[in-house]
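First up is the structure itself, then whatever we jot down about it.
We did not get these values from a lab; they are worked out from the coordinates using the rules stated. Here the structure is a predicted model, which is why all the values come from computation and not from measurement. Glycine also receives a Cβ, built like all others from the backbone with ideal geometry; neighbour counts cover every protein chain displayed.
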Amino acid sequence: MKDLIVFIFLLSLFQVKAQQKIVLNYEAKPNTAHWWRDNNHVKFLLDEKKGIQQNPNSKVCLNVRWDSIPANKSWCWFTDLKIDSLANPAMDKVRTEFSDKIWLSCWCNSGKGDSVYVQPLMLTRGHKGKWGAKKMVGLGSPKWVFLKFKLADLEYENWGKIPGLPDLKTNDIRCFELGLRNGKTSPKGFIDARFDDVMISNYEPFTNQKK
């Protein structure tokens, strides 16, 4: 019986060590000056107001604003939130441990603006290969919600120069993004979305996990 307990403990320890995650939570206040955006009306603000954070432990969230949306801009991909650290060759072993069990997740809300749509994207190192998920999730409330996508289960459109569908079992796909799009119409004329804890993991994340 004692040997069985030791075996179960070692197995649990191995499983914990095998879990991998990379989190972008904005606490370090990254420099957003060179982040890609569709136009100069798209702004990134690091919001430190206590009353709007997604949990008491959060000190900073990312506020994405797009003021003065033109009437002819429907379903525009206006920016994206990137986790591309696995593109570094030094991360080859970590990428192997992620394999095809990659979940992409985040906390988000649409603030007081128009609805915003979140779309998972995957790219190869150098971005020659690029695939956008056919699935988009719309946000239309100032209430924080938790989104998670198991990337291997989604259907994709090929937007890049490498033919075929993505294969997450290989190490070719290194960059993971959440593309942000406006809707078919923008009655309020602006977007005011917030994001926190953008994460990739090789296990299914849940909202009750500590940061």
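Fewest to most neighbouring Cβ within 10 Å: what's the order for Lys82, Lys49?
Taking fewest neighbouring Cβ atoms as first place, the list is Lys49, Lys82.
To the nearest 500 deg cm²/dmol, what mean residue ellipticity at 222 nm is calculated for the chain from DSSP H runs of n ≥ 4 alone, each contributing -39,500 (n - 2.57), summed and divided by the residues?
It comes out at -3500 deg cm²/dmol, rounded to the nearest 500.
Give the Kirkwood hydrodynamic radius (Å, one decimal) of region 101-184, defined as one over the mean of 1/r across all pairs of different Cα atoms.
Hydrodynamic radius (Kirkwood, Cα only) of region 101-184 equals 13.6 Å.
Going by amide H atoms built from the backbone, whose H comes under 5 Å of the H on Trp35, apart from near neighbours?
none
Across region 99-108, in residue order, what do the Karplus-derived ³J(HN,Hα) couplings come to in whole Hz, using 6.51 cos²θ - 1.76 cosθ + 1.60 with θ = phi - 60° and x for Gly and Pro?
Ordered by residue, 3J(HN,Hα) equals 6, 9, 9, 8, 10, 10, 9, 6, 9, 6 Hz.
Which percent of the Cα-Cα distances in the chain go past 20 Å?
Value for the chain: 61 percent of Cα pairs lie more than 20 Å apart.
Quick one: what are the phi-derived ³J(HN,Hα) couplings along region 120-132, Karplus 6.51/-1.76/1.60 with θ = phi - 60°, whole Hz, x for glycine and proline?
Working through the residues one at a time gives x, 10, 9, 9, 7, 4, x, 6, 5, x, 8, 10, x Hz.
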